[in-house]
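First the structure, in the form of structure tokens, and then the observations on it.
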Amino acid sequence: MGAITYSEKGALADYEFEVQAESLEELFALCGKATFEAMTDTSTVEALKSVSFEVGGETLEDLLFSYLAELIYLKAVERIFLKDFVVKIGNGYSLACTAYGEQISFDKHEIRTDVKAVTYHKLAVIKDDRGYSAHVILDV
């Protein structure tokens, strides 16, 4: 089972977190969840709608950046909060994701912050003896 750790030492315009997971797919899924936790309490989001997409990159960091950027884009364009993420990572740094959530409701969902973008600053994906870890900073 993976873990998400949030940092309070970053700049006020940033939201910083680290994720630890046993597999690369779990790592990316937890990074998606942490991104939406910056925006709302995902426990109040129901899995009523699904969105699917594919992204690619030249490195694992590029792939994570593209994945999170697509999630942030979907939130803005589809006006959807997502909570559950099914991620499949293929050869050559390709990723397919189906994410589940619901339309944003100002009556139902707490709005914590508006994530504008993922940044490359300190972005890292590391494999070690415990599995995988990631460090992410979001621009809010």
Whichever residue in segment 98-140 is more than 24 Å from residue 58 (Cα to Cα) and of a type in the set (A, V, I, L, M, F, W, C) and, among such residues, is surrounded by the most Cβ atoms within 10 Å (Cβ to Cβ)
115
Only one of (1) free of Cβ contacts under 8 Å to residues at least 60 places away in the same chain; (2) under 22 Å from residue 133 (Cβ atoms) does not apply to residue 25, and that is (1)
Would you confirm, using the coordinates I've provided, whether residue 76 is surrounded by fewer than 17 Cβ atoms within 10 Å (Cβ to Cβ), among the small types (Gly, Ala, Ser) and not in a loop (DSSP other than H, G, I, E, B)?
yes
Taking only segment 128-138 into account, find how many residues are in contact with a strand residue (DSSP E or B) (Cβ under 8 Å, 6 or more places away or on another chain) and modelled with pLDDT under 95.
1
Over segment 30-47, the set of residues of a type outside the set (A, V, I, L, M, F, W, C) and in a helix (DSSP H, G or I) is 32, 33, 35, 37, 42, 43, 44
Any residue in segment 35-57 that's under 16 Å from residue 16 (Cα atoms): show its pairings with residues that are surrounded by fewer than 16 Cβ atoms within 10 Å (Cβ to Cβ) at Cβ separation under 6 Å, as long as the two are six or more apart or on different chains.
38/113; 39/112; 40/110; 40/112
Residue list for segment 85-103, restricted to those being without any contact (Cβ under 8 Å) to a residue 40 or more places away in the chain and either among the hydroxyl-bearing types (Ser, Thr, Tyr) or part of a loop (DSSP other than H, G, I, E, B) (or both):
91, 92, 93
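Restricting attention to segment 88-116, report how many residues are among the aliphatic types (A, V, I, L, M) and more than 22 Å from residue 41 (Cβ to Cβ).
3
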Across (1) part of a strand (DSSP E or B); (2) hydrophobic (A, V, I, L, M, F, W, C); (3) closer than 17 Å to residue 19 by Cβ, residue 115 clears everything bar (1)
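Given the criterion hydrophobic (A, V, I, L, M, F, W, C), modelled with pLDDT of 95 or more and assigned to a helix (DSSP H, G or I), identify the matching residue among 68, 82. Lay out the reasoning, then the answer.
Working: 82 fails: assigned to a helix (DSSP H, G or I).
After ruling out the rest, the residue left standing is 68.
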Cβ-Cβ below 9 Å, separation at least six or inter-chain, first residue in segment 107-133 and under 23 Å from residue 89 (Cα atoms), second acidic (Asp, Glu) and surrounded by fewer than 13 Cβ atoms within 10 Å (Cβ to Cβ): which pairs?
130/22; 131/22; 132/22
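The values are calculated or read from the model by the stated rules, or taken from the named source; none is laboratory data. What you see is a predicted model; the values in this text were computed from it and never measured. Methodologically, a virtual Cβ is constructed for each residue, glycine included, from the backbone with ideal geometry; neighbour enumeration extends over all protein chains shown.
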